[in-house]
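The values are calculated or read from the model by the stated rules, or taken from the named source; none is laboratory data. Everything numeric here is computed off the predicted structure, so don't read it as measured data. Reconstructed Cβ throughout: ideal geometry from the backbone, glycine too, with neighbour counts over all protein chains shown.
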Amino acid sequence: MMAVLRVFLFSLFAIFIGLLFMGIGRKVIARIQLRYGPPFYQAFLDVGKLFSRKSITHNFVMDLGMVMSLGGLLATMLFVPIAGHVAVKTSTNLIVIMYLMAIGYLGMAMAVAASGNPNATIGVSRALTMMLGYEVPFFTVMLGLIIVNGTSSLELISQSQAGSILNWNMIRFPLSFIAAEIALQAMMGEKPFDAMIAPAEIASGPMVELSGKYLGLAFLTHAVSIFVETAIIVNLFMGGASNIFTFVLKQFEIYLITVFIEAVFPRFKIEQAVKFLWTVPMGIAVLQLILILLK
Amino acid sequence: MIELLLVPLITTLSIAFFIKYKRVTWTLFLASNGFILYKLYSIYGMWSLSYSFNTGYEILGAKFNLGVSNNPIGWYFAFFSALITLIISIFSIGFNKNSKSNVSVIWMLIIFSNLGIFFAKDWVTFFMMWELMGWTSFFAITNGKDKALDGAKYYLSLSLFGAALLLIAISLLGAYTGTFEILPSAFGLLQIINSSTKLGIVILLLFLTTFIIKSAIFPFYMWPQKVYAEGPEDYITFMSSVMIKYGIYPMAIFIVPVVGSVNLPRILNTGNVLQYVIGYLGAISAVLGTLLAIFQTDMKKLFAYSSVSNMGYILLGFSSMTIVGFEGSLFHVVNHMILKAAIFLTLAAVVFRTGESEMHKLGGLVYRMPLTFMTFLLGIIAAAGIPPLNGFGSKWMIIQALMSKKMVVFAIAMIFASTGAFMYLFRALASIFLGQLPDRYKEVKEVPLTMAVPMFIMMVIMLLVGVVPGVVMKPLTTALKAVGYNVDIASWTVLEGSLKNATIDLKIVFYMFVAGVIISGLMYFFGNKSETVPQEDNYTAGEYPEEWGVDADRFNYSYSFYQPFKEMFDPLLESISIDDLFASVGRNFEYLSTTIQGLFKRGEGAVLLFSIGVLLLILGGLII
């Protein structure tokens with residue numbers, strides 16, 4: 001019973017924080033572009049509105065896929081330690097987290113491809129290409145940290161940085177951190193890596209046929225993915241945190257960096273993006289990996 | 001023990017007798033496979049069972065005996081391949097209802113050689129069974145179709161090449177170690193490598209080449225796509241799930257123990273040279289197979305390359321030479337058997353109903369074949385290595401082993417391949433089953449019951465092995481312990497990694513996934529109602545195309561799905577084409593042989609050859 005309650009609380013917390021970040025992000029971008037911008041709680045209003053509207057679907061695969069996508073990301077979230085707390089007792093294995101995250105994306109891709117709109121499928125094809133682009137440098141970064149610590153448990157890696165700020169992997173392995181930040185930008189699908197959304201080109205790609213609660217579920221999936229991805233970075237590079245407030249604050253710092261980059265950059269074409277990800281962040285990550293191996 | 005081999009032989013004969021009656025042959029086929037599975041189940045744990053036949057001859061100083069024995073690792077391979085074969089043979093009854101030719105008799109003979117390979121006690125028996133499997137599969141692939149001849153010939157010539165190398169290797173091994181038995185000769189080979197390194201390594205590489213030919217590893221990765229594209233679909237299912245593992249089994253019992261304990265120069269303190277040879281073969285196969293699979297348009301070719309990539313993972317696991325990597329590889333053998341069988345059964349079902357295997361000509365089949373779609377969906381989730389289905393556990397163990405050995409290049413190659421797998425797997429899903437249904441497939445129906453039941457069984461097995469890996473890991477660890485490896489018997493749901501604090505409980509992963517889906521399902525049900533509308537409704541922006549004097553058109557984005565990505569790789573893929581290399585070798589041979597032939601045909605050539613011969617004879621005489 002306790003476990004069920006914890007699972008619910010963690011899920012709601014992740015959704016809440018993710019939506020809050022999204023709202024603040026929109027406000028920040030607006031201020032950078034000298035607009036007034038929506039209120040910071042706009043994302044909650046959006047989701048509330050979307051779930052209360054009627055919506056259309058084309059077949060059962062769309063329903064199944066959307067439920068699977070949010071479900072997969074929530075499951076991933078339950079494996080990520082948040083300030084030392086995990087929803088259930090597991091070894092918080094990084095590889096499990098990376099693979100579980102994929103089921104969410106697969107569900108989303110399946111749902112939008114089932115909608116039968118070519119724009120959506122083009123978006124998915126770009127998203128999967130981008131995934132190959134960022135996953136390789138990001139894994140290389142993780143590999144370095146795993147080899148240093150001799151463990152693939154996210155919790156142990158975050159504990160190993162306890163003590164002073166100088167123990168943070170961000171300070172100890174700055175090259176890794178830079179590579180991970182660039183990969184994170186692509187992972188979140190923010191500019192300059194938003195070729196899969198590209199509203200002017202393919203009409204928001206995956207989102208083109210989603211309406212009502214389906215779009216709402218897509219919003220929530222995005223919120224949870226923001227939460228999970230920033231939480232992984234905080235655990236890997238910023239030493240986790242002793243309480244939840246500091247943890248969320250650190251997550252917010254990471255999110256703010258992506259928002260700043262998002263606000264001022266134009267968009268890469270998909271092949272440019274993949275080439276960039278395989279040269280610059282990959283090169284930096286490999287350099288750090290070699291330094292780690294030689295040590 | 002011997003009845004295990006006799007039953008398939010007798011079945012082959014009786015099927016050949018009843019070949020005109022299709023129902024009888026396939027029923028016999030099913031019954032025989034059922035018996036084999038039962039028999040294998042009953043000999044589990046009786047590792048001392050054996051049967052041998054002494055000829056009393058000696059060849060090259062080694063005793064020439066034929067024998068089979070219940071080798072634990074062989075049992076592990078044989079049992080799971082028998083299980084998959086039984087499921088495929090249920091499928092075959094329905095699938096072959098309307099087919100003209102009958103592949104069952106040859107197939108039964110292959111099952112006989114299958115058991116022979118897995119239970120062979122000595123290299124002579126092994127070689128005989130290996131050869132039997134090679135030429136019989138030629139007939140099974142062609143199955144009376146002229147179109148399939150090219151692929152089958154390609155396969156046959158590679159098989160013959162491999163068999164020739166195997167024969168040389170076996171003779172050398174027999175001559176230098178004085179025994180043909182597999183396990184003692186492994187120790188013998190170790191001693192040869194320690195005393196005269198070059199000879200030992202040549203023998204080892206000869207064996208390795210034979211085995212990687214059968215398992216479609218890097219330089220020989222072309223045959224699956226040629227063969228799978230044309231062969232009969234149900235037999236291809238067997239081939240892609242079971243037969244491609246024939247190279248892996250002898251590697252596991254012979255090459256891995258030798259390479260693991262040999263004393264050779266080490267690279268960066270991580271592994272010896274041979275380990276890296278195996279690893280690079282695996283890594284190149286994994287990456288190249290993935291890239292080529294991404295660019296295919298034929299669904300059977302796509303999954304053929306996916307098999308190449310999966311064989312690459314298995315070699316990567318072997319190359320780590322740790323017990324976790326070894327277990328992971330052998331676990332992946334069975335996982336790949338299960339998921340590839342599931343995927344190919346659905347492809348066979350699609351071909352059965354539509355007669356089409358080019359992906360861009362299909363689409364929207366989920367509306368007509370929902371069960372096939374579900375099987376395919378679970379199959380690709382398993383193939384992508386996503387929990388909670390099978391395929392994840394074994395990949396996880398292999399990556400753990402590579403990371404703990406600090407083999408960073410191999411680990412990155414593995415991640416590249418398995419992330420690239422999402423790309424081609426999703427492309428197949430989207431192009432075949434999702435999107436809009438073409439008009440010509442409006443009348444397509446779901447498959448009949450005999451084909452639906454095996455697919456359903458495959459779904460259950462994939463989920464079962466994914467959540468309770470113990471059903472495979474327990475027999476595996478028992479077998480490894482019986483052979484003499486220092487392993488603990490695995491528990492039902494927990495997998496052990498090789499890094500610190502690396503234990504995952506797949507049961508918990510499954511529960512968490514279910515919890516996530518329940519929460520998101522609740523959100524879904526709390527939301528306002530939704531209405532199912534046909535795809536055209538949204539698509540034409542509320543207008544009626546008829547009012548505009550046009551027809552509703554259908555668009556599927558599926559032909560060059562990854563065009564921008566392909567353009568990045570075109571220069572690379574054009575420069576490495578093994579087929580061109582083989583073709584140029586073939587051309588040169590042809591040129592040489594026609595030249596020699598020409599010499600014989602013309603008078604002056606014969607005189608020339610005669611004089612060369614005489615000259616050589618005289619020279620030889622002088623030297624001696």
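Quick check, is A:F138 within 18 Å of the chain's Cα centre (by Cα), under 26 Å from B:F510 (Cβ atoms) and at pLDDT 90 or above? So A:F138 passes the test. I need a count of the residues in the range B:245-276 that are touching a residue at least 12 places away in the same chain (Cβ under 8 Å) and part of a helix (DSSP H, G or I). Going through the range B:245-276 one residue at a time, the tally reaches 18.
Identify, please: which residue in the range A:42-61 is within 16 Å of A:H222 (Cα to Cα) and not polar (S, T, N, Q) and is, among those, surrounded by the fewest Cβ atoms within 10 Å (Cβ to Cβ)? Walk me through it before giving the result.
Of the residues in the range A:42-61, the ones within 16 Å of A:H222 (Cα to Cα) are A:42-48, A:50-51.
After this cut, where a residue has to be not polar (S, T, N, Q) as well, the list is A:43-48, A:50-51.
Working: A:A43: 23, A:F44: 16, A:L45: 13, A:D46: 18, A:V47: 21, A:G48: 10, A:L50: 22, A:F51: 20.
In this case the residue turns out to be A:G48.
Of the numbered criteria (1) more than 9 Å from every other protein chain (Cβ to nearest Cβ); (2) closer than 16 Å to A:A218 by Cα, the one A:H85 fails is (2). Set side by side, the residues B:L156, B:L115 differ, and just one is assigned to a helix (DSSP H, G or I), in contact (Cβ under 8 Å) with a residue 24 or more places away in the chain and not assigned by TED's automatic domain parsing to the domain that holds B:M455, which is B:L115.
Scanning the range A:248-295 for residues that are away from chain B (no Cβ under 14 Å) and either among the small types (G, A, S) or in contact with a His (Cβ under 9 Å, 6 or more places away or on another chain) (or both) returns a single hit, A:A263. Within the range A:123-155, the only residue that satisfies the criterion of being crowded, with 24+ Cβ neighbours inside 10 Å and in a loop (DSSP other than H, G, I, E, B) is A:S152.
For the range B:83-99, the count of residues that are exposed (fewer than 15 other Cβ atoms within 10 Å of the Cβ) and more than 22 Å from B:I170 (Cβ to Cβ) is nonzero. For first residues located in the range A:108-129 and facing another protein chain (nearest Cβ under 7 Å), partners that are assigned to a helix (DSSP H, G or I) and polar (S, T, N, Q) and lie 6+ apart or on another chain with Cβ distances below 6 Å form the pairs A:A113/A:T121; A:G116/B:Q535. Within the bounds of the range A:227-236, is there any residue that is of a type outside the set (S, T, N, Q), buried (at least 23 other Cβ atoms within 10 Å of the Cβ), over 13 Å from the mean Cα position of the chain (by Cα) and away from every other protein chain (no Cβ under 14 Å)? Yes, there is a match, as at least one residue in the range A:227-236 is of a type outside the set (S, T, N, Q), buried (at least 23 other Cβ atoms within 10 Å of the Cβ), over 13 Å from the mean Cα position of the chain (by Cα) and away from every other protein chain (no Cβ under 14 Å). Among the residues of the range B:76-103, those identified as in contact with a Pro (Cβ under 8 Å, 6 or more places away or on another chain) and either in a helix (DSSP H, G or I) or at positive phi (or both) are B:Y76, B:F79, B:I87, B:I88, B:I90, B:F91, B:G94.
Within the range A:105-116, which residues are crowded, with 24+ Cβ neighbours inside 10 Å and not in a loop (DSSP other than H, G, I, E, B)?
If we filter the range A:105-116 for residues that are crowded, with 24+ Cβ neighbours inside 10 Å, which is where we start, we get A:106-116.
Once the filter is applied, which keeps residues that are crowded, with 24+ Cβ neighbours inside 10 Å and not in a loop (DSSP other than H, G, I, E, B), the range A:105-116 yields A:L106, A:G107, A:M108, A:A109, A:M110, A:A111, A:V112, A:A113, A:A114.
Being in a helix (DSSP H, G or I), within 14 Å of chain A (Cβ to nearest Cβ), of a type in the set (A, V, I, L, M) and under 16 Å from the mean Cα position of the chain (by Cα) is a description that applies to B:A286.
Yes or no: B:A140 buried (at least 22 other Cβ atoms within 10 Å of the Cβ) and at pLDDT below 85? Spell out how you get there, then give the answer.
On the way: buried (at least 22 other Cβ atoms within 10 Å of the Cβ): yes; at pLDDT below 85: no.
No; evaluated as a whole, the condition is false for this residue.
Restricting the search to the range A:203-214, which residues are facing chain B (nearest Cβ under 10 Å) and surrounded by fewer than 22 Cβ atoms within 10 Å (Cβ to Cβ)? Break it down stepwise before answering.
Step one: list which residues in the range A:203-214 are facing chain B (nearest Cβ under 10 Å), which gives A:208-209, A:211-214.
Answer for the range A:203-214, where residues must be facing chain B (nearest Cβ under 10 Å) and surrounded by fewer than 22 Cβ atoms within 10 Å (Cβ to Cβ): A:V208, A:S211, A:G212.
Could you say whether any residue in the range B:59-73 is assigned to a helix (DSSP H, G or I), buried (at least 17 other Cβ atoms within 10 Å of the Cβ), out of contact with any Gly (no Cβ under 8 Å at 6 or more places or on another chain) and of a type outside the set (G, A, S)?
First pass over the range B:59-73, keeping only residues assigned to a helix (DSSP H, G or I): B:72-73.
Then drop every residue that is not buried (at least 17 other Cβ atoms within 10 Å of the Cβ), which leaves B:72-73.
Then drop every residue that is not out of contact with any Gly (no Cβ under 8 Å at 6 or more places or on another chain), which leaves B:72-73.
Filter once more, so that each one left must be of a type outside the set (G, A, S): B:72-73.
Yes, the range B:59-73 contains a residue that is assigned to a helix (DSSP H, G or I), buried (at least 17 other Cβ atoms within 10 Å of the Cβ), out of contact with any Gly (no Cβ under 8 Å at 6 or more places or on another chain) and of a type outside the set (G, A, S).
The condition (being on the phi < 0 side of the Ramachandran plot, facing chain B (nearest Cβ under 9 Å) and without any contact (Cβ under 8 Å) to a residue 60 or more places away in the chain) is satisfied by just one residue among A:L100, A:L50: A:L100. Of the strands (runs of 3 or more DSSP E) that lie entirely inside the range B:475-547, those containing 2 or more residues that are facing another protein chain (nearest Cβ under 9 Å) and of a type in the set (S, T, Y) span B:530-532. Among the residues of the range B:282-295, not a single one is within 19 Å of B:I432 (Cβ to Cβ), crowded, with 24+ Cβ neighbours inside 10 Å and either touching an Asp or Glu at 6+ places or on another chain (Cβ under 9 Å) or among the acidic types (D, E) (or both). Residues that are more than 8 Å from every other protein chain (Cβ to nearest Cβ) and surrounded by fewer than 22 Cβ atoms within 10 Å (Cβ to Cβ) within the range A:156-173 comprise A:Q159, A:S160, A:A162, A:G163, A:S164, A:I165, A:L166, A:N167, A:W168, A:M170, A:I171, A:R172, listed in sequence order. Helices (runs of 4 or more DSSP H) fully within the range B:349-436 that include at least 1 residues being not assigned by TED's automatic domain parsing to the domain that holds B:I323: none found.
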